[in-house]
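To start, the structure under review is shown below, and the notes come after it.
The values are calculated or read from the model by the stated rules, or taken from the named source; none is laboratory data. The structure presented is a predicted model; accordingly, all values stated were derived computationally and were not measured. Cβ atoms come from the backbone with ideal geometry, glycine included; neighbour counts cover every protein chain shown.
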Amino acid sequence: MSVSTTALVNDLVPALNASATANLTAATVAQLYESFNRTLEDLAARGCFANYTEAETLTAGDAVLALPTRAVALFYVAAKLSGGVWAPLEHWSRAKLEAYDPDFADTSDASPPVAYVVDLEAGQVRIYSKCTSDVTLAEAYTERLATVVADASIEIPDIVDDLLFLAAIRDVRAANGEEAMPDSAAAAGELAALLAGALAAYWANQ
């Protein structure tokens, strides 16, 4: 569903003992957005927000593709064979690839590739081995949502809206200051952790 970031903030206003955003004293609106983004980053790191594409084309002679925008983890790659059949590739580590074929960068084959190696730091995936003709690939990955900003809409399930609410209460009430409420922060944190764990388990089984 599409959720208004303004609505997310407005829902928090009474829970933080204010009548309007202008009257917030426990936290600034900017700090609430920081909390939203930290929580969404944590969900992405847990494997939530899965996405899938079948439109990646590896040009003949190439072996490296850029990872999808904002990809956090790539957990499935398949090559399209004749007749539209998809052949899953094995996920190898860099060490395994180097041990299997020290000359992997120069190896090419007319057959479909057999494996892939992910380099998140470089933002790319290497396919082994290079093919002598174009290959269409399918990729399944988890992604980081775009940064949440004011007066925007984000596509998240309803239940994630609830998690953002709880996490913001936890973060605000755990901060040092006159309006810190350790007990409230702990209670909201326990519920947020439980919900985040349930969401991660749900996405892991999709």
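Tabulated results
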{"read-out": "Residue in the range 89-96 that is surrounded by fewer than 16 Cβ atoms within 10 Å (Cβ to Cβ), under 30 Å from Ser153 (Cα atoms) and either among the small types (Gly, Ala, Ser) or assigned by TED's automatic domain parsing to the domain that holds Leu163 (or both) present", "value": "no"}
{"read-out": "Any hit, the range 125-148, residues being over 14 Å from the mean Cα position of the chain (by Cα), assigned to a helix (DSSP H, G or I), of a type in the set (S, T, N, Q) and loosely packed, with under 12 Cβ neighbours inside 10 Å", "value": "no"}
{"read-out": "Pairs where the first residue, in the range 1-23, is under 20 Å from Ala174 (Cα atoms) and the second is loosely packed, with under 10 Cβ neighbours inside 10 Å and modelled with pLDDT under 95, C-beta under 7 Å, 6+ apart", "value": "Val13/Ala20"}
{"read-out": "Residue that is farthest from Val3 (Cα to Cα), among those in the range 13-44 that are surrounded by 14 or more Cβ atoms within 10 Å (Cβ to Cβ) and touching an Asp or Glu at 6+ places or on another chain (Cβ under 7 Å)", "value": "Ala26"}
{"read-out": "Criterion (within 19 Å of the chain's Cα centre (by Cα) and at pLDDT below 90) met by exactly one of Leu74, Leu164", "value": "Leu74"}
{"read-out": "Residue count for the range 48-90, restricted to those that are of a type in the set (A, V, I, L, M), over 16 Å from Arg126 (Cβ atoms) and in contact with a Leu (Cβ under 7 Å, 6 or more places away or on another chain)", "value": "1"}
{"read-out": "Criterion violated by Tyr116 - all others in (1) more than 17 Å from Asp62 (Cβ to Cβ); (2) among the hydroxyl-bearing types (Ser, Thr, Tyr); (3) in contact with a His (Cβ under 7 Å, 6 or more places away or on another chain) satisfied", "value": "(1)"}
{"read-out": "Residue ranges of strands (runs of 3 or more DSSP E) in the range 1-113 with at least 3 members over 23 Å from Ala198 (Cβ atoms)", "value": "50-58, 64-66, 71-80, 86-88"}
{"read-out": "Criterion violated by Val135 - all others in (1) under 17 Å from Ala44 (Cα atoms); (2) in contact with a Leu (Cβ under 8 Å, 6 or more places away or on another chain); (3) aliphatic (A, V, I, L, M) satisfied", "value": "(1)"}
{"read-out": "Any hit, the range 165-176, residues being farther than 20 Å from Ala201 by Cα, outside any helix (DSSP H, G or I) and assigned by TED's automatic domain parsing to the domain that holds Ala26", "value": "yes"}
{"read-out": "Inter-residue pairs, beta-carbon under 9 Å, first outside the structural domain of Ala115 (by TED's automatic domain parsing) and closer than 26 Å to Leu145 by Cα and in the range 58-83, second at pLDDT below 90 and in a strand (DSSP E or B), 6+ apart", "value": "none"}
